[in-house]
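Following: one structure in structure tokens, then a few remarks.
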Amino acid sequence: MTKELPELAQGNFYYESLGDGRFRSTIHAQGAWNEHEQHMAPAAGLMADSLERHEPRTDMRMARLSYEILGLIPGGSFHIETTTLRPGRTIELLQAELVANGRVAIRATAWRMITSDTSAVAAVEDVTIPAPDDCKPFDGAVIWPGGYIRSLEMRVAEGHRHGAGTVWLRTGHPLTDEADSSDFVRLMGLVDTANGIAARVMPGEGSYAFPNLDLQIHMYRRPGGQWLGLDNAVSFGTDGIGLTSTVLHDLQGPFGRAEQILTLRRT
């Protein structure tokens, strides 16, 4: 039986803001596994936006975002509920829940930490990747269906292969129709794409599906700009579980890491 498609908002943005934490997705937020669902990437960005706006502190920044995907993320209308789980003077834990069709589809938590000047001891071990201008155009829609993938501009570095690769991506679409989200939030709305940029096996009939159940992002620097670089490796275990591991970059260099646990399923 064909799943009924949701009623989507119209416009060159990912979400229409309906007020009071309520939103409606557009075709640009459409997922790759099912046409009636949302892609995790823009949904994660919208939740990061809600977390950033919640009781903001100028002396703090989000250093870790942890998303648990609790099931299919329906397209169409939904709302986001944001709370403070653990207030504090130097460390706070925030939570956001995306609720659609009466259930929580995604639960996100964020550690917000006090900032200070540690430039005297700053050091990074992650290796810089080639810049977007040094990479070739890459059409992810050749591999993946869905409106979200079609919304991206992508560049690929030399050496890209099944299971590992380096890809830059950006989008010309604002996160919401209000177009007032920070660069940080817009980049967080691209990170989940990492699971598809260097797929170990091609998706489709007679192969494997490998959706991620979570998204964990750790950042030792607040990123900025429009381009997100993904330096990526995908591992498949022998018992139906895999892992996508990614070093995250902006145009200034590496800024953190992302991990996604995968469930491997024959198609």
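Just to check your reading of the model, which residue among GLU153, GLU178 is in a loop (DSSP other than H, G, I, E, B), at pLDDT 95 or above and open to solvent by 10 Å² or more (accessible area, probe 1.4 Å)?
GLU178
Inspect all residues belonging to the stretch 75-95 and state whether any of them is part of a loop (DSSP other than H, G, I, E, B), touching a residue at least 24 places away in the same chain (Cβ under 8 Å), touching a helix residue (DSSP H, G or I) at 6+ places or on another chain (Cβ under 9 Å) and open to solvent by less than 80 Å² (accessible area, probe 1.4 Å).
Yes, that holds for at least one residue.
State whether the residues of the stretch 200-208 include one that is under 17 Å from the mean Cα position of the chain (by Cα), crowded, with 18+ Cβ neighbours inside 10 Å and touching a residue at least 12 places away in the same chain (Cβ under 8 Å).
no
Checking ALA120 against (1) without any contact (Cβ under 8 Å) to a residue 60 or more places away in the chain; (2) touching an Asp or Glu at 6+ places or on another chain (Cβ under 8 Å), which single condition isn't satisfied?
(2)
Just one of VAL167, VAL127 is under 26 Å from LEU65 (Cα atoms) and open to solvent by less than 10 Å² (accessible area, probe 1.4 Å); which is it?
Testing whether each residue is under 26 Å from LEU65 (Cα atoms) and open to solvent by less than 10 Å² (accessible area, probe 1.4 Å) leaves just VAL167.
Going through the stretch 167-186 one residue at a time, which ones are touching a Gly at 6+ places or on another chain (Cβ under 7 Å) and in contact (Cβ under 8 Å) with a residue 60 or more places away in the chain?
The answer is TRP168, LEU175, ASP177, PHE184, VAL185, ARG186.
Any idea which residue in the stretch 100-124 is surrounded by the most Cβ atoms within 10 Å (Cβ to Cβ), counting only those that are in a loop (DSSP other than H, G, I, E, B) and of a type in the set (Ser, Thr, Tyr)?
This residue is THR115.
Could you run through the stretch 220-262 and say how many residues are open to solvent by less than 20 Å² (accessible area, probe 1.4 Å), without any contact (Cβ under 8 Å) to a residue 40 or more places away in the chain and among the small types (Gly, Ala, Ser)?
Counting residues in the stretch 220-262 that are open to solvent by less than 20 Å² (accessible area, probe 1.4 Å), without any contact (Cβ under 8 Å) to a residue 40 or more places away in the chain and among the small types (Gly, Ala, Ser) gives 1.
Restricting attention to the stretch 19-73, report how many residues are touching a residue at least 24 places away in the same chain (Cβ under 8 Å), assigned to a strand (DSSP E or B) and of a type in the set (Gly, Ala, Ser).
3
The rows are residues; the columns are (1) of a type in the set (Asp, Glu); (2) in a strand (DSSP E or B).
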{"residue": "GLU158", "(1), (2)": "yes, no"}
{"residue": "TRP168", "(1), (2)": "no, yes"}
{"residue": "HIS173", "(1), (2)": "no, no"}
{"residue": "PHE184", "(1), (2)": "no, no"}
{"residue": "ASN195", "(1), (2)": "no, no"}
{"residue": "GLN226", "(1), (2)": "no, no"}
{"residue": "THR238", "(1), (2)": "no, no"}
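The values are calculated or read from the model by the stated rules, or taken from the named source; none is laboratory data. Every value quoted in this text rests on a predicted model; they were computed, and no experiment measured them. Ideal geometry is used to build each Cβ from the backbone, glycine not excepted, and the neighbour counts take in all protein chains shown. With ligands, DNA and RNA removed, areas are computed over all heavy atoms of the protein, side chains included. Shrake-Rupley method; radii C 1.70, N 1.55, O 1.52, S 1.80 Å.
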